[in-house]
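Enquirer: Provided herewith is a single structure, encoded as structure tokens, for subsequent inquiry.
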Amino acid sequence: MGKRHSVEDYIKLRTLTCLDSSESAGLISIISGSITHEREKVRDSAILLIDAASGRELQRISEPGFDITSARISPDGSKIAFLSNDRKKHHLTIKNISSGLEEKLLLDGVAHGIEWNKDESIFLLMTDPISQEMKNRQEKGDDYVNYEIDEMFRSLYLYSPGQGFRKVTENIQVWEFASTESKIVVVASDDPSEGSWYRSKLMQVDIAKHKVDVLYDPSWRAIARPRISGDSKKVVFLESLMSDFGVFSGDVIELDLETLQSRNLTANHERSYFDARWKDSALYFLWGKECTTGISVYFNGALTDIWNSVGTVMPVYSPEFMFIKNGLVFSFQDTDHPAEVCVVGENRALSRITRENSTVTECSPLPAEVVKWKSSDGMEIYGVFRSAGDNCPVVVDVHGGPTSYSPITFMDRLTNLISSGFSVFSPNYRGSVGKGRAYAEANRGDMGGMDFADILAGMEYLRESGRAKTDKWFITGGSYGGFMTSWAITQISKFSAAVGLFGISDWVSFHGTTHIADWDAIHYNESPYAGKKFEKFSPLNYIDNVKTPVLLLHGIEDPYVPLGQYLQYYRALKDKGKVVQLLMFPREGHGFSETEHVKRSMNETFNWFSKYS
């Protein structure tokens, strides 16, 4: 029998992000990074350069004291470009893979992404540097901020060796881009505020004419991951209700760049699509369905599955895959294996080619069951149940988003609870991804309504099926899951204790203080000033009902769900004589990343639930 999962084991995990490949050179690159970082330092990170044919690691590229955030192999496979920062300085480095010679550029703005152009120039997505006038004013101590007005656009630049940087876009906020020799397509919005992403459109940039044309307006839906066909005649992208930039899924929309006619290639599928990539005239789709992940090829209107498995292609919320010669590459985890780079060849079998997370493989695999049940209105819901024993207390873990999901993992922030005798139930309620776009959009206008009913129905299913015979139920969740935790304990008294992380307690004040003020109105399908849903679903309005002891955890610098949400909730609970504690974490935003803070949050969660077990 292997080792129990612990908080210390979780801290050892490595993330695998920003996958890239060169079919012609037979190379794979991916960034391996620590899951946490020490105070006032950046995380440990390195680029792995891997031989695609043998799976052998060729090089490990790092920049001490800097976090590598994006890396791309040049079209001919001779160079690799990467972005790095120490939170103050931002670098673009272009490195010759064989000789090791490199060009390092200090950037004036915050860099977000890079892609090679065909002529060895590089597209760079970067927040515009502040003006000299503003710099001078700030240096004199006149450093007031004109809220939203002073925000800088995120623009597209083109770097050409020997010529420097050329700005490609003006006065639009570029979130993502795709390019070929003759086309540049961007997902962009009209103002630089964080919330403007929810109003993004698909646009085409004409560099020569300094012109931007709108190609597609998704209305209240969001769009992501544009990919242009090799002949530059079409672009595909994801479209759905989405909760967060960087958490991408939806249907695959194809747009003809000449006629601007669009069609939904995956309409009414009970799968959620995470990415689509062109290969010659065919399209390859990465999808998820009820915690099974797969890759399929779409050609002449037919969809053929190539590979699928119960488990999760990484990163969890923006999974990615690339082509290699005679195969595919991606990072993948399941209940038996932590995340590693994997290849699927012509025989369609999966092979793991890295050992970045070998330090945790001594921990025992913890089985996970994908369970399905009917909600009170008959809709089929799914989720993940990880049992420590049918008589063990159950922690209901509500994921954030809500347009996200709880995946299959080898290890996560709650598996230490399972090793300590708590079962964990992770419901993927309506509004989650994994069952198609209609399912993901099913809680629009009703957040806290039928999605909450789905969770209660899942708990009852576990009880009736004999999987959970306990009368000890707990609840936890972060962000939207934090809202649902606060909401749940104002609606029912079934939970013995609750731990909420950076959640919403009052939708009206949230709207006025968050950096993403468009999000709530879109997801509730109502103005926050209508005085209906925003009041109806605010936990703060039901404080008298609370009987559950609650622990609240929040980052002091959270711009998305500001700290005031838990200050309000805490004060109301305290004033009403309820059992509540609030832990506030300095230097943390929406989620915790400092090593000691992550340890503290996990240990305090365990201690709180143990106290009331």
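Enquirer: Quick check for you: which residues of the stretch 167-204 have the amide N under 16 Å from the point 7 Å beyond the Cα of Arg137 toward its beta carbon?
Expert: Taking a point 7 Å out along Cα→Cβ of Arg137, no residue of the stretch 167-204 has its backbone N under 16 Å.
Enquirer: Sticking with this structure for a sec: Output the Kirkwood hydrodynamic radius of the stretch 479-560, Cα pairs only, in Å rounded to one decimal.
Expert: In the stretch 479-560 this quantity evaluates to 13.2 Å.
Enquirer: Rounded to a whole number, what % of the accessible area of the stretch 397-525 do carbon and sulfur atoms account for, probe 1.4 Å?
Expert: C and S fraction of accessible area: 47 percent.
Enquirer: Continuing with this model, one more query. For Lys3, list the lysines whose Cα falls under 22 Å from its own Cα; do not include residues on the same chain fewer than 8 positions away.
Expert: Those lysines meeting the cut-off are Lys12, Lys599.
Enquirer: For the stretch 329-385, which GluC sites (Glu not before Pro) are in a loop by DSSP, counting at most 13 other Cβ atoms within 10 Å?
Expert: Filter output for the stretch 329-385: Glu346, Glu362.
Enquirer: Right, here's the next one. Once you list every other residue whose beta carbon is under 11 Å from the beta carbon of Ala468, what net charge do they have if Lys and Arg are +1 and Asp and Glu are -1?
Expert: 0
Enquirer: Enumerate by residue number the trypsin sites (Lys or Arg not before Pro) in the stretch 554-585 meeting two conditions: DSSP loop (anything except H, G, I, E, B), and at most 16 other Cβ atoms within 10 Å of the site's Cβ.
Expert: Those that pass, being in a loop and sparsely packed, are Lys576.
Enquirer: If you don't mind, there's one more thing I want to ask. Could you please state how large a percent of the accessible area of the stretch 182-231 is carbon and sulfur, counting protein chains only and using a 1.4 Å probe?
Expert: The computed percentage sits at 43.
Enquirer: At q = 0.10, 0.21 Å⁻¹, what is the base-10 log of I(q)/I(0) for the stretch 522-613 according to the Debye formula with one equal point scatterer per Cα and no solvent? Please give it to two decimals.
Expert: Each listed q corresponds, in turn, to -0.34, -1.12.
Enquirer: State, to one decimal in nm, how far the label point of Lys547 lies from the label point of Glu57, with both points 7 Å from Cα in the Cβ direction.
Expert: The modelled label-to-label distance comes out at 5.5 nm.
Enquirer: Here is a follow-up. Around Ser84, what is the net charge, scoring Lys/Arg as +1 and Asp/Glu as -1 over all other residues with Cβ under 10 Å from its Cβ?
Expert: Combined, the nearby Lys, Arg, Asp and Glu give -1.
Enquirer: Report the Cα-based extents of the stretch 159-205 along its three principal axes, largest first, to the nearest Å.
Expert: On the principal axes, the stretch 159-205 reaches 37, 20, 12 Å in Cα extent.
Enquirer: Are any of the pairs Lys494/Lys574; Lys88/Lys234; Lys135/Lys183; Lys118/Lys234 more than 29 Å apart by Cα-Cα distance, and if so, which?
Expert: Lys88/Lys234; Lys135/Lys183
Enquirer: Continuing with this model, one more query. State the volume of the convex hull built on the alpha-carbon positions of the stretch 565-608, expressed per residue in Å³ and rounded to an integer.
Expert: Hull volume over Cα atoms, normalised by residue count, gives 70 Å³.
Enquirer: Then there's this: If the viscosity is 1.567 mPa s and the temperature 4 °C, what Stokes-Einstein diffusion coefficient in µm²/s follows for the chain when Rh is the Kirkwood radius over Cα pairs?
Expert: Taking Rh from Cα pairs, D becomes 51 µm²/s.
Enquirer: I would also like to ask the following. At 1.4 Å probe size, with every protein chain present, just tell me what the per residue accessible area of the chain comes to in Å².
Expert: Computed with neighbouring chains in place, this is 40 Å² per residue.
Enquirer: On C-alpha positions alone, give me the angle between the axis of helix 595-611 and the longest principal axis of the chain, in degrees, nearest 10.
Expert: Result, in degrees: 20.
Enquirer: Please state, rounded to one decimal and in Å, the Kirkwood hydrodynamic radius that the stretch 4-99 gives when every pair of distinct Cα atoms enters the mean of 1/r.
Expert: About 14.2 Å for the stretch 4-99.
Enquirer: What trypsin sites (Lys or Arg not before Pro) in the stretch 337-430 are in a loop by DSSP, with at most 15 other Cβ atoms within 10 Å of the Cβ?
Expert: Here the trypsin sites (Lys or Arg not before Pro) that fit, given the DSSP loop and packing criteria, are Arg348, Arg355.
Enquirer: Follow-up. Let me test this: with uniform point scatterers at the alpha carbons of the stretch 311-470, what is the Debye-based log₁₀ I(q)/I(0) at q = 0.08 1/Å?
Expert: -0.27
Enquirer: Report the net charge of residues surrounding Asp451, where surrounding means a beta-carbon distance below 12 angstrom and charges are Lys +1, Arg +1, Asp -1, Glu -1.
Expert: Here the count lands on -2.
Enquirer: Right, here's the next one. Considering the Cα trace of the stretch 408-563, what is its radius of gyration and what is Dmax, both in angstroms?
Expert: When restricted to Cα atoms, the stretch 408-563 yields Rg and Dmax of 16.0, 47 Å.
The values are calculated or read from the model by the stated rules, or taken from the named source; none is laboratory data. What you are looking at is a predicted structure, and each value in this text was computed from that prediction instead of being measured. Don't worry about glycine lacking a Cβ; one is built from the backbone with ideal geometry, like all the others, and counts go over all protein chains shown. Please note that ligands, DNA and RNA were not included when accessible areas were found on the heavy atoms of the full protein model with its side chains. Shrake-Rupley method; radii C 1.70, N 1.55, O 1.52, S 1.80 Å.
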